[in-house]
Amino acid sequence: MTRINNNYLKLPGSYLFSNIAKKVNEFTAANPDKKIIRLGIGDVTRPLTPTIIRSLHDAVDEMADEKTFKGYAPDLGYSFLREAIARVDYKERGCDIAPDEIFVSDGAKCDSGNIQEIFSVDNKIAVCDPVYPVYVDSNVMAGRAGDYISSEERFSNVIYMPCTEDNGFAPEFPEETPDIIYLCFPNNPTGATVNKDALQKWVDYANKNGSVIIYDAAYEAYISEDDVPHSIYECTGAKTCAIELHSFSKNAGFTGVRLGYTVIPKELERDGVKLHSLWARRHSTKYNGAPYIVQKAGKAVYSPEGQNEIKGLVGYYMKNASYILNGLKEAGFTVSGGVNAPYIWLKTPQNMTSWDFFDHLLTKANVVGTPGSGFGPHGEGYFRLTAFGSYENTVEAVDRIKKL
Ligand code: MLT
């Protein structure tokens with residue numbers, strides 16, 4: 001008799017964004033005349049830029065010709081893309097990452113969910129609270145998170161590092177030493193960042209304790225302040241303790257195209273084994289690579305024209321971020337984020353719960369956001385808005401919120 005993976009049953013409810021989509025669909029069905037503005041899920045709305053589109057078209061044409069047709073991609077990604085990543089994202093920033101330490105994938109969400117597989121189920125993870133739900137949920141599925149304590153809305157075997165107004169939404173070292181530490185800066189959902197000294201302290205802490213940091217840098221393109229690191233490898237010693245995840249979704253608009261990469265330096269060893277070799281084995285066994293067409297488009301991101309165009313995209317969204325941040329401040333909300341990140345984190349008014357505020361905003365302003373409590377217990381009483389809408393919709397949404 002087949003048995004299921006019971007760990008899945010420990011997951012409370014559905015995935016946060018599926019839950020929100022369901023609620024919004026129900027509201028839309030009941031109110032077909034209302035114009036809903038979606039500032040919930042961090043999904044981009046601007047089209048791909050011309051250089052990227054040209055590269056996609058060219059690659060499609062190559063697939064139509066037997067002389068240039070491509071079958072399976074190399075396990076770890078095409079070298080043309082890995083070399084471009086190593087040059088622009090690392091070498092030009094003074095980080096020593098080799099192309100063969102880069103694993104190309106179909107996005108950072110999959111990598112952030114799958115990377116835990118190379119670690120023993122006995123490891124204890126630490127996460128920021130609030131947190132991007134994939135880090136916790138994927139460890140629950142693997143049986144590493146313990147049981148769900150519903151009264152506390154947390155898992156018994158996860159170390160939660162509260163990120164609150166008092167600590168500037170930056171985690172502090174936990175009392176218990178974790179084996180695996182998930183960090184994401186600029187942060188999803190709070191939009192907070194840490195400076196290089198603060199990140200260096202985490203690197204030193206991980207090296208001292210033999211922990212591994214899984215560093216999600218999906219939003220690094222949004223950094224506008226000088227002292228905020230774009231990569232954890234800007235810190236001394238990070239190559240012996242950190243894995244870094246990157247996405248093409250937020251900087252280049254690839255949410256529907258799918259491309260990302262993970263860096264595992266060859267120096268990073270635990271139990272005398274290179275983590276690089278484990279992830280390479282996993283990748284080659286379970287994955288056949290991002291499509292050639294998409295990897296070619298990824299390469300175009302690193303061309304001078306591509307880099308200029310994606311700066312324009314990021315600038316577009318950051319103009320929205322400023323509009324939301326300033327508009328909500330004017331309206332009397334307590335807000336943060338939105339300076340180095342496309343997320344604005346606001347305190348719900350009149351002590352409303354996050355979900356009450358979600359309903360209030362949806363029904364009264366027809367604006368969709370994300371309830372902070374969906375990201376963890378310390379997200380309760382907070383709410384996230386994204387800057388990824390169109391400028392016109394963003395302005396209209398803020399105006400509607402101001403009128404509430
Ligand atoms: C979010 O809204 O938090 C992100 O879009 C989720 C993701 O990138 O998977």
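Setting aside same-chain residues fewer than 8 positions from K34, which lysines have a Cα under 22 Å from its Cα?
K22, K23, K364, K402, K403
Binning at 5 angstrom from zero up to the longest distance, how are the C-alpha pair distances of the range 1-115 distributed in percent?
Once binned at 5 Å, the Cα pair distances of the range 1-115 give 2, 7, 9, 12, 14, 13, 12, 13, 10, 6, 2, 0.
Within the set K67/K286; K70/K296; K196/K347; K91/K319; K201/K250, which residue pairs have Cα atoms separated by over 18 Å?
Flagged as over cut-off: K67/K286; K196/K347; K91/K319; K201/K250.
Just the ratio, please: alpha-carbon radius of gyration of the range 103-161 over 2.2 N^0.38 Å, N its number of residues.
1.14
Could you give the radius of gyration (one decimal) and Dmax (whole number) of the Cα atoms in the range 187-334, in Å?
Cα only, the range 187-334: 17.9, 56 Å (Rg, Dmax).
Relative contact order of the chain: what whole-number percent is it, with Cα pairs under 8 angstrom and at least 6 residues apart?
23 percent
What do you get for GluC sites (Glu not before Pro) in the range 1-94 restricted to DSSP loop and a cutoff of at most 11 other Cβ within 10 Å of the site's Cβ?
Sparse-neighbourhood loop GluC sites (Glu not before Pro): E66.
Report, by chain and number, residues whose modeled amide H sits under 5 Å from the one on A192, excluding near sequence neighbours (fewer than 5 apart, same chain).
Hits under the 5 Å cutoff: N187.
So for the range 125-164, averaging the separation of alpha carbon pairs under 8 Å that are six or more residues apart and normalising by length, what relative contact order in percent results?
Value for the range 125-164: 52 percent.
Roughly how many whole Å is it from the C-alpha centroid of the range 355-404 to that of the range 283-334?
Taking the Cα centre of the range 283-334 as reference, the centre of the range 355-404 is 21 Å away.
As an exercise, find the ratio Rg/Rh for the range 53-304 from alpha-carbon atoms, using the Kirkwood inverse-distance average for Rh.
Computed over Cα atoms, the ratio is 0.97.
So for the range 98-231, averaging the separation of alpha carbon pairs under 8 Å that are six or more residues apart and normalising by length, what relative contact order in percent results?
21 percent
Return the percentage of antiparallel bridges among DSSP beta bridges fully within the range 53-304, rounded to the nearest 5 %.
45 percent
For the range 283-294, just list the computed ³J(HN,Hα) in residue order, Karplus coefficients 6.51, -1.76 and 1.60, θ = phi - 60°, integers in Hz, with x standing in for Gly and Pro.
Couplings: 4, 6, 7, 9, 9, 10, x, 5, x, 3, 4, 6 Hz.
Every number in this text was worked out from the coordinates using simple rules, so none of it is lab data. Predicted model, so just to flag it, every value in this text is computed and none were measured. Quick reminder, even Gly has a Cβ in these numbers, built from the backbone with ideal geometry, and neighbours come from all protein chains shown.
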